[in-house]
Each structure stands twice: as structure tokens, then as C-alpha cells.
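The values are calculated or read from the model by the stated rules, or taken from the named source; none is laboratory data. These figures come from a predicted structure and were not determined experimentally. For neighbour counting, all protein chains shown are included, and Cβ atoms are generated from backbone atoms with ideal geometry for every residue, glycine included.
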Amino acid sequence: MIQSPLLDDSLTTSKTPEFDRDRFDGSVMQTYGRFPIAIDRGEGCRLWDTNGKEYLDFVAGIATCTLGHAHPALIAAVTEQIKKLHHVSNLYYIPEQGELAEWLVNHSCADKVFFCNSGAEANEAAIKLVRKYAYTHLDKVEQPIILTAKASFHGRTLATITATGQEKYQQGFAPLPEGFAYVPYNDITTVENAIADLDEGTLRRVVGIMIEPLQGEGGVRPGDLEYFLRLRKICDENQILLVFDEVQVGIGRSGKLWGYENLGVEPDILTSAKGLAGGIPIGAMLCKDSCAAFEPGNHASTFGGNPFACAAALAVLQTLEQENILHNVQTRGEQLRVRLRAIAKQYPSLFSEVRGWGLINGIELSPDIDLTSIDLVKAAMEEGLLLAPAGPKVLRFVPPLIVSEAEVDEATKILEATISKIAKN
Ligand SMILES: *Cc1c(COP(=O)(O)O)cnc(C)c1O
């Protein structure tokens, strides 16, 4: 039997050496605006910092720790796998990769899977696949364009910051790769116009639309059903590949396994990463056979789909299935939204809207006040609740999918206490 580290006395009783922030900043490149705590260990939906302070974790490594922290199924799977074999390269067949791909194909609209290590990489693979498909299947397209949404987020590589429809991620990194154009989210007329405008003969035309079923970083904005239905139709009529970035909303977070199931339309290509292996790095690009245009040598990744990451993902997915965690996501999500709406109603001058699916939810701060999401994140952290901003005005709630009724209750009570303090000042 594999012992959970939490049953291991040495971990819970040993004193953690004091954390030295200056020393950390002395050598780690400062690309992050970090909150001033260091997390030492976790169990379920709880985290403890290096000073021993306890937090309820409604961030889950940014919608990533699907099964929370130190989950026995994940511990068992990765422990067994690393003892047996952790990495070999895609020079050889990797049985665990095949098993994971089969699970994903059996539980999605896709037929084939490519594995990589992150969301950005999965989106890079999708961008390359769209271009390769246009190159091989669409005659005379010299300038293939991929439409993406404003306020989207697709990653931090050069191609994915360009796909990301937010200038702040692009500034200072010119020249950016060509072949992207932007439209407002949930607005079908602008998509129709963009396709018509760009379609000068067949040389420069839209060949792909890459979009999130629910915009995560852009402020927890769910896709509109009618809009997505029309998008699917436009793509079918114009030989455009529809790509869904499911990096944040996929793997059960929305209350369904995939975000697109909330919209009633299937993509041609979809990408996954964050929650897929519950916090072990992995990314995946899935597509239908009809657009699987890659040939041997077209794309690759050294680590992609290695036995270790695949074993972790299989443990996460099998646990989701066996323990009917999607049902928990739906009921806990509903519970959370009811409570957040009550809070928003109690403080109408502070909050304007509550929105989300399953366990990805946001509360939007009123535009008329100075209070930002970061202010609230800091205040809640003081009270022992971890939350993440989704832009300057939206507070995001993305707990582990195993969160309990009591924990949702506790989190909303902490939030109420935090807000009542702020409202008094
Ligand atoms: C986080 C995120 C990404 C980028 O994932 P990384 O693993 O950080 O590269 C891409 N798309 C969406 C929707 C995301 O939420």
C-alpha cells in the first residue's frame, strides 16, 4: 500500500525552515507579481503556508488541481509509474499514452490526440494543424488567417500571445507572427464581417476560428449558445476549422467533461491542459479525423505524453468517472452561485454580476468603485481563503472539483466576513 504523505508524521510534525523572499527574488526571474506567501503543503482543498497558516484553496493552482492536493489516487498512480518507468521519448510506443488517448477519444468528439506539456503548447499545435490543413486542403490560400476573440487568453508563446486578443500580452514582443485577426466575443455579426472582409479572392482568407467556450482569464465569461451555434454553421459553410481552447474549462470544470457540451456544438479541434493531469504538467491537442493533417515529422515534443504524465492523467480521469465528480461539480457550483448572488445582492454598490458554469465562477466588481479583484484577493487571503483574479474587475472561484458542501459554505462565509470588513471602511 502506498502511504499518503499526510499519514507520514515526519511531514506534518517537522518544522519548515523559514522562507526567505529576498533570497528567492535574488535568483528567480521576476516575471510574476506574486502574493506574499509561500505554500508548503496541501491536503484536499486545504493549503498551509511556510508559517503554518491554513487556507481554503479556491484557486487550485489556477483551475488545475482537479482532485485537490495529495489525492490518494494521484499519489498511487505517479508513485507506481515512476518506480516502473517515467520517460522514454516518442521514439518508441508508450502504452500509457495510448491508453490516455483512447480514454480521451472515447469521451469526446475527437478521433486523434497529440500530447505536449502545457496549454500554450497545445494551442501552438492547434495553430500549426489549422495552417497545415489549409496548406494541404484549401487551394490557393497564401495567407491563412485564424480569427480569435478579444479578451481571450491562449498562452505565452509568440504565436499564442498573438492569438490572445489582449494587447497587454503582446506589447514589447514585436514582430509578432502574422495570420491572426480579432473579433469581440459572443458577437456573430463581427465574425461574418471579418470573414467577408478578409476574403479577397482566396489568397487571404479565414481558415480557422480559435475560441474559448467560456473565457477564463478574460473575466469568466460563458459563451452564448446562439453565438456558438452560428459559429459552427459559418465554419461548416466556409471550410473553416473551429478550434475550442478548453485548457481552463475542460476536464469537468464546467460541470460537463468538456466546455463545448454546455453549448451544444462540437469543435473540429480542441485543446486541453490545466486540469488534465491534476497538476502534473501535460497538454493535449485533440482533433477529428477529417482534419488530422499532420504527418510523421510535422510536430513533436520531447516530454509530450511521457509515461509519468499520462499515468497521472489516467488517474485523474478514472477518478472523475468512478466517483461521479461531475455531479459534485454541478451541485457545488450551483450552491456557490446561489451564495455569491446573495452576497452581490447584499452589496449592490460593490458587485454587478455573478456568472459561470460548474466550478468556474466569477463575481464582477462594479465599474463605479475603485476596488479591484486584487484588493479582494489580498483581503480574502488574510482571512484564510485563496481566490484568483480574472482581470482587474472579476474575482474568480475555481476550487478543486472534489470541494465539499461544507467547504463551499465555509468559503462563502469567509468571503462575506472579508467583504463586510471592506464595506465598513
Ligand atoms: C492557462 C491557459 C492557457 C495557457 O496554458 P499554459 O499551460 O500556461 O501554457 C491557454 N488557454 C487558456 C484558456 C488558459 O486558461
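Observations on the structure shown:
- Residues of region 328-385 that are of a type in the set (Lys, Arg) and surrounded by 14 or more Cβ atoms within 10 Å (Cβ to Cβ): ARG332, ARG337, ARG339, ARG341, ARG355, LYS378.
- Single residue of region 373-397 satisfying the filter (part of a loop (DSSP other than H, G, I, E, B) and over 22 Å from the mean Cα position of the chain (by Cα)) that is farthest from LYS274 (Cα to Cα): GLU383
- Residues of region 147-161 satisfying the condition of being under 25 Å from LEU203 (Cβ atoms) and either in contact with a Pro (Cβ under 9 Å, 6 or more places away or on another chain) or away from the ligand (no atom under 15 Å from the Cβ) (or both): LEU147, ALA149, LEU158, ALA159
- Top-ranked residue in region 234-250 [being among the hydrophobic types (A, V, I, L, M, F, W, C) and away from the ligand (no atom under 16 Å from the Cβ); ranked as farthest from the chain's Cα centre (by Cα)]: ILE234
- Between ALA126, ALA149, ALA159, the distinction of being part of a helix (DSSP H, G or I), within 25 Å of ILE62 (Cβ to Cβ) and touching a residue at least 60 places away in the same chain (Cβ under 8 Å) belongs to ALA126 only.
- Condition check for LYS274: among the basic types (Lys, Arg) and surrounded by fewer than 22 Cβ atoms within 10 Å (Cβ to Cβ): no
- Of all residues making up region 135-146, the number that are in a strand (DSSP E or B), more than 16 Å from the ligand (Cβ to nearest atom) and crowded, with 16+ Cβ neighbours inside 10 Å: 2
- Condition check for TYR227: closer than 23 Å to ARG332 by Cβ and part of a helix (DSSP H, G or I): no
- Scanning region 149-160 for residues that are crowded, with 21+ Cβ neighbours inside 10 Å and within 15 Å of VAL247 (Cα to Cα) yields SER152, PHE153, HIS154, GLY155, THR160.
- Filtered residue count, region 162-202, keeping only those that are in a helix (DSSP H, G or I) and either within 16 Å of the ligand (Cβ to nearest atom) or over 22 Å from the mean Cα position of the chain (by Cα) (or both): 15
- Residue within region 115-123 that is assigned to a strand (DSSP E or B), closer than 20 Å to TRP258 by Cβ and within 16 Å of the ligand (Cβ to nearest atom) present: yes
- Of the residues making up region 1-33, just one is surrounded by 12 or more Cβ atoms within 10 Å (Cβ to Cβ), within 25 Å of ASP375 (Cα to Cα) and modelled with pLDDT under 95, namely PHE19.
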